[in-house]
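The next block holds one structure in the form of structure tokens; read it before the comments.
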Ligand code: 4AD
Ligand code: MG
């Protein structure tokens, strides 16, 4: 038998087909069984009549439960009442693997679905998300490759912090204390002196004691670093990346977005409009005037403030020029006003939080040492990084984008946990 996927079978519209997959729904009557079969591509209704198959086949069908795997052959027929408009009138059927009673029924709690995540991955919802996730990873690679970036890799065990000590995971490394990486950045800055334009997609780890819908302890981090690149060019690069991703998802995944109930009108402005770029002080002003929120100058924007800000825009918005004290040590001081840094957060629409964090990099060696010391860091551990400023330093900039944040927003998910197959959070490391 030559098998075709369910999607290919539906496209054929008539004639004989052989398909294989899993039983998505089943209903047995006295002499007829209705099976809805699913594979990775779609679902299709299959009708099995007792008098069309052998006695042995009919006996097997009596034992079929949801998620049994089967192969079958039959004739396609258009049927408006069937879930995908066609049905297969079955002529041959073979059970490949019987299923025990499947533990997932309707209306289960999100926690239970996470407990049986290994089985819930089979749902139409998770299948749709995982397909979009795959497209997004490809879109990221294509985007950077099309701009002549090299893919480059940094270690996951690191002796240093880059994004502050509070979210470091400690690892016992043969008796020495090291950390799981929060970012590739310090190792990326070393490599721009050979490759100039580099990017990666790799896991980052954050010991976030946060139970919000947007924090994971292990997430996939797209990072990019570019020699000679100005701050404005950095923003252009980030905007281009987000636009490319959204364009790819909209062109390839209408079906999946429909399954997820995503209102795609909300994504259309992202492709068409330029993302606003506002300074931190302007953001505070907007929040006060339009949302009645008073935030003292010098305080970082947290979840609530980001969400309120996002209500004012229908595209992501770049917030730039944050006060130096609230941002990482490596961000370049604004030459026009050294109280601020040339750093940015790209805030998603609809309350999906920060998609991108990035900056132009400080190249002044003394300033870097001063800021590391003020954070209580041991300079010795950073010598390898400081060397990048000692031997032919150049202006450069880069950013990091949380891939699950982007997936969560584009798919319109309630929680970032559904943007990754097996989410890790403060409260969950299983299954
Ligand atoms: O803003 P962050 O901390 O920036 C950096 O790590 C820089 N070193 C990146 C760079 O310039 N190379 O993290 C970057 C992005 C955030 O904007 C957010 O999208 C995502 O990583 N992110 C998380 N995603 C999921 N769960 C978490 N706990 C995250 N923390 C950060
Ligand atoms: Mg950030």
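Coordinate-derived values only; no laboratory data. On a predicted model such as this, the values are computed, not experimentally measured, just so you know. All Cβ positions, even for glycine, are placed from backbone atoms using ideal geometry, and neighbour counts span all protein chains on display.
Kindly identify the range 27-184 as rounded, prolate or oblate by the Cα gyration tensor criterion: order the square roots of the eigenvalues as a ≥ b ≥ c, call it rounded if a/c is under 1.5, otherwise compare a/b with b/c, prolate if a/b is larger, else oblate.
Numbers: a/c = 3.45, a/b = 2.27, b/c = 1.52.
Taking the square roots of the gyration eigenvalues as a ≥ b ≥ c, the range 27-184 is prolate.
At q = 0.19, 0.21, 0.26 Å⁻¹, work out log10 I(q)/I(0) for the range 3-51 with the Debye formula, treating every Cα as an identical point scatterer and leaving solvent out; two decimals please.
Computed log10 I(q)/I(0) values: -0.62, -0.73, -0.98.
Against the empirical 2.2 N^0.38 Å scaling, what ratio does the C-alpha Rg of the chain come to? Intermediate values should be presented prior to the final figure.
Numbers: Rg = 26.3 Å, N = 431, 2.2 N^0.38 = 22.1 Å.
It is 1.19.
Could you please rank 19, 326, 201, 64, placing first whichever residue has the fewest other Cβ atoms within 10 Å of its Cβ? Write out the running numbers ahead of the final one.
Working: 19 23, 326 13, 201 17, 64 20.
Fewest-to-most ranking of 19, 326, 201, 64: 326, 201, 64, 19.
If I take every Cα pair under 8 Å that is 6 or more residues apart in the range 183-240, average their sequence separation and divide by the length, what percent do I get for the relative contact order?
Values: 57 pairs, mean separation 22.0, N = 58.
For the range 183-240, the relative contact order is 38 percent.
Report, for the chain, the % of DSSP beta bridges that are antiparallel, rounded to 5. Intermediate values should be presented prior to the final figure.
Details: 72 of 80 bridges.
If I count the DSSP bridges inside the chain, around 90 percent turn out antiparallel.
Let me have the relative contact order for the chain, percent, based on Cα pairs under 8 Å that are six or more residues apart. The partial results should precede the final answer.
On the way: 788 pairs, mean separation 57.5, N = 431.
Over the chain, the number comes to 13 percent.
Given q = 0.15, 0.18, 0.32, 0.34 Å⁻¹, what are the Debye log10 I(q)/I(0) values for the range 357-397, with equal point scatterers placed on the Cα positions and solvent ignored?
Each listed q corresponds, in turn, to -0.36, -0.52, -1.17, -1.19.
Taking a quarter of the surface of the Cα convex hull of the range 185-226, what do you get in nm²? Spell out each step's value before the answer.
Working: hull surface 13.2 nm².
Spelled out: convex hull of the Cα atoms, projected over all directions, averaged, 3.3 nm².
What nm value, rounded to one decimal, do you get for the distance between residue 190 and residue 100 when each label is placed 7 Å out toward the C-beta?
The answer from the label model is 4.9 nm.
Let me know the shape class of the range 267-381, please: from the alpha-carbon gyration tensor, a ≥ b ≥ c as square roots of the eigenvalues, rounded when a/c is under 1.5, otherwise prolate if a/b is greater than b/c, or oblate. Each step should come with its number before you reach the end.
Values: a/c = 2.31, a/b = 1.85, b/c = 1.25.
Taking the square roots of the gyration eigenvalues as a ≥ b ≥ c, the range 267-381 is prolate.
Specify the angular offset, from 0 to 90 degrees and rounded to the nearest 10, of the alpha carbon long axis of helix 124-146 from the longest principal axis of the alpha carbons in the chain.
50 degrees
What is the P(r) of the range 41-98, as percent of Cα-Cα pairs per 5 Å bin from 0?
Pair shares across the bins are 4, 18, 28, 25, 18, 7, 0.
Summing -39500 (n - 2.57) over the DSSP H runs of n ≥ 4 in the chain and dividing by its residue number, what mean residue ellipticity at 222 nm do you reach, to the nearest 500 deg cm²/dmol?
Working: 14 runs with 135 residues, N = 431.
The per-residue figure over the chain is -9000 deg cm²/dmol.
Any idea how far apart residue 302 and residue 274 come out in nm if each label point goes 7 Å out from Cα toward Cβ?
Simple spin-label model gives 3.5 nm for this pair.
Counting only C-alpha contacts under 8 Å and six or more residues apart, can you give the relative contact order of the range 113-227 as a whole percent?
22 percent
Would you order 324, 131 from fewest to most other beta-carbon atoms within 10 Å of each residue's own beta-carbon?
Details: 324 22, 131 18.
By the 10 Å Cβ count, ascending, the order reads 131, 324.
Taking square-rooted eigenvalues a ≥ b ≥ c of the alpha carbon gyration tensor, is the range 347-430 rounded, prolate or oblate, where a/c under 1.5 means rounded and, failing that, a/b exceeding b/c means prolate?
Numbers: a/c = 3.15, a/b = 2.09, b/c = 1.51.
Judged from the Cα gyration tensor, the range 347-430 comes out prolate (a/c at least 1.5, a/b above b/c).
If I take R0 = 35 Å and measure r between the Cβ atoms of residue 211 and residue 339 in this structure, what FRET efficiency does the formula 1/(1 + (r/R0)^6) give, to the nearest 0.05?
Numbers: r = 34 Å, r/R0 = 0.96.
My answer for the efficiency is 0.55.
So how tilted is helix 280-291 from the main axis of the chain? Cα-based, degrees 0 to 90, rounded to 10.
That helix lies at roughly 60 degrees to the long axis.
Computed over the Cα atoms, what is the radius of gyration of the range 207-283 divided by 2.2 N^0.38 Å, N being its residue count? Walk me through the intermediate numbers first.
Values: Rg = 16.1 Å, N = 77, 2.2 N^0.38 = 11.5 Å.
Dividing the Cα radius of gyration by 2.2 N^0.38 Å gives 1.40.
In nm, give the distance between the simple-model label positions of residue 369 and residue 174, each being 7 Å from the Cα along the Cα-to-Cβ direction.
3.1 nm
To the nearest 10 degrees, how steeply does helix 185-195 sit against the main Cα axis of the chain, on a 0 to 90 scale?
Roughly 90 degrees between the two axes.
Kindly put 244, 153, 396 in sequence by how many other C-beta atoms sit within 10 Å of each C-beta, fewest to most. All intermediate terms of the calculation are to be shown ahead of the outcome.
Numbers: 244 18, 153 13, 396 22.
Going from sparsest to densest Cβ surroundings: 153, 244, 396.
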